[in-house]
1. Within the range 116-130, which residues are within 22 Å of the chain's Cα centre (by Cα) and either surrounded by 10 or more Cβ atoms within 10 Å (Cβ to Cβ) or in a loop (DSSP other than H, G, I, E, B) (or both)?
2. Out of ALA108, ALA104, report the one residue that is touching a Pro at 6+ places or on another chain (Cβ under 9 Å), assigned to a helix (DSSP H, G or I) and more than 20 Å from THR31 (Cα to Cα).
3. Run down ALA108, ALA23, ALA66 and say which single residue is modelled with pLDDT of 90 or more and of a type outside the set (D, E, K, R).
4. State the number of residues belonging to the range 81-115 that are surrounded by 10 or more Cβ atoms within 10 Å (Cβ to Cβ) and more than 30 Å from ASP46 (Cα to Cα).
5. Failed condition for VAL76, given (1) modelled with pLDDT of 90 or more; (2) not in a loop (DSSP other than H, G, I, E, B); (3) not aromatic (Phe, Trp, Tyr), with all others met?
6. Could you give every pair whose Cβ atoms fall below 8 Å, whose first residue belongs to the range 73-92 and is in contact (Cβ under 8 Å) with a residue 12 or more places away in the chain, and whose second residue is surrounded by 12 or more Cβ atoms within 10 Å (Cβ to Cβ) and assigned to a loop (DSSP other than H, G, I, E, B), counting only separations of at least 6 or pairs across chains?
Amino acid sequence: MTIGPVEYLVLGFPGNQFTGAIAPALAELSTNGTIRILDLVFIAKDADGNVVAVELEDHDESEAFAALEGEIGGLVSQDDIEHAAEGLEPNMSAALLVWEDTWAAPLADALRESGGVLLEGGRIPHDLIETALAEANA
């Protein structure tokens, strides 16, 4: 089975103001085959610094995520949750998302078949690329 690159994000919501508004965008990406969501866990830190993790199906906003396709769950470990929670301020929540870049699976196969290897990868922060593109277009 071909598997594209797998990535993760920890999306923070200050003040524990998670509303599920990201669900439609995730559902669209999943439905159109751009990504395959592998796991999604919600993490919250209260005012005293206590951390709780909630699986998708147990979250209050789970109905917003009903349109997500596929088997979701089982990849994020307790260590992953603790690592993500370290970056949370008190009264902050996060969504820990793991997905496969299905769009890149053919490229990954071609790279392996040609004997190539990935040497480096990264994500350019939005504000940096926005500035760079504006300067390049000026």
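The values are calculated or read from the model by the stated rules, or taken from the named source; none is laboratory data. Not measured: the values here are computed from a predicted model. Every residue, glycine as well, gets a Cβ built from its backbone with ideal geometry; the counts of neighbours run over all protein chains shown.
1. Filtering the range 116-130 down to residues within 22 Å of the chain's Cα centre (by Cα) leaves 118, 120-130.
Correct list: LEU118, GLU120, GLY121, GLY122, ARG123, ILE124, PRO125, ILE129, GLU130.
2. Numbers: ALA104 fails: more than 20 Å from THR31 (Cα to Cα).
Exactly one of ALA108, ALA104 is touching a Pro at 6+ places or on another chain (Cβ under 9 Å), assigned to a helix (DSSP H, G or I) and more than 20 Å from THR31 (Cα to Cα), namely ALA108.
3. Details: ALA23 fails: modelled with pLDDT of 90 or more; ALA66 fails: modelled with pLDDT of 90 or more.
Result of the check over ALA108, ALA23, ALA66: ALA108.
4. Summing the residues that are surrounded by 10 or more Cβ atoms within 10 Å (Cβ to Cβ) and more than 30 Å from ASP46 (Cα to Cα) in the range 81-115 gives 13.
5. (2)
6. Qualifying pairs under 8 Å: PRO90/ASP46; ASN91/ASN16; ASN91/ASP46; MET92/ASN16.
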